[in-house]
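The block underneath contains the structure these notes are about, expressed in structure tokens.
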Amino acid sequence: MNSFFEGHIWPLRGTLFRMAFLWVKDRALAEDLLQNVFEKSFQREQDLQEHPNLMAWLVRTLKNEALMHFRKNGRVISLEGEIEPSVEPKEPEKGNEQLSQLMQLVATLPEKQREIFQLRESEGLTYEEISDYLEISIEQVKVGLHRARKRLREEYLKVKNHE
């Protein structure tokens with residue numbers, strides 16, 4: 001029989017890793033942060049079985065781990081636009097040039113818009129889930145997503161017109 005951790009928390013590792021990587025832009029650091037969250041969740045397994053929104057707790061804990069790491073290292077006060085990406089986009093493969101261009105444009109979005117866009121479009125989260133995870137109102141989620149899509153559309157058309 002699987003434990004609560006194995007059945008409910010471990011399957012979320014992919015989503016949690018992508019969120020951590022989105023925030024810290026470093027694979028090894030994202031893995032370390034996720035390991036810390038898993039350790040905390042394993043220790044609090046009994047309490048988490050009764051938690052009304054397990055995913056929100058995991059995301060909030062992961063975000064707090066990232067913030068603590070950066071505060072300890074004196075690099076950042078918040079995760080909203082103050083971390084510079086350390087990973088360069090990969091070279092486009094043939095047939096994926098449009099996707100590559102779009103991913104480069106997504107990387108230029110302000111941090112909050114990028115988070116909202118990726119959580120909605122890549123992870124498929126609902127407005128309510130994004131609101132819970134980022135601790136912002138649903139209206140802010142909708143506005144951020146609208147602005148991100150509008151900016152991506154405008155920038156993509158600029159790129160296409162210059163080709």
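Could you work out how much longer the chain between ALA107 and TYR156 gets when fully extended? Use 0.36 nm per residue separation minus the Cα distance between them, nm to one decimal.
Extra length available between ALA107 and TYR156 comes to 16.4 nm.
Tell me, how many Å apart are the Cα centres for the range 112-154 and for the range 1-79?
What the calculation gives is 20 Å, centre to centre.
Would you please put 146-152, 18-24 in order of how densely packed they are, using the mean number of other Cβ atoms within 10 angstrom per residue and starting with the highest?
In decreasing order of mean packing, 146-152, 18-24 become 18-24, 146-152.
Just so you know, all these numbers are worked out from the coordinates, no wet-lab data involved. Everything numeric in this text was worked out from a predicted model, so none of it was measured. Quick reminder, even Gly has a Cβ in these numbers, built from the backbone with ideal geometry, and neighbours come from all protein chains shown.
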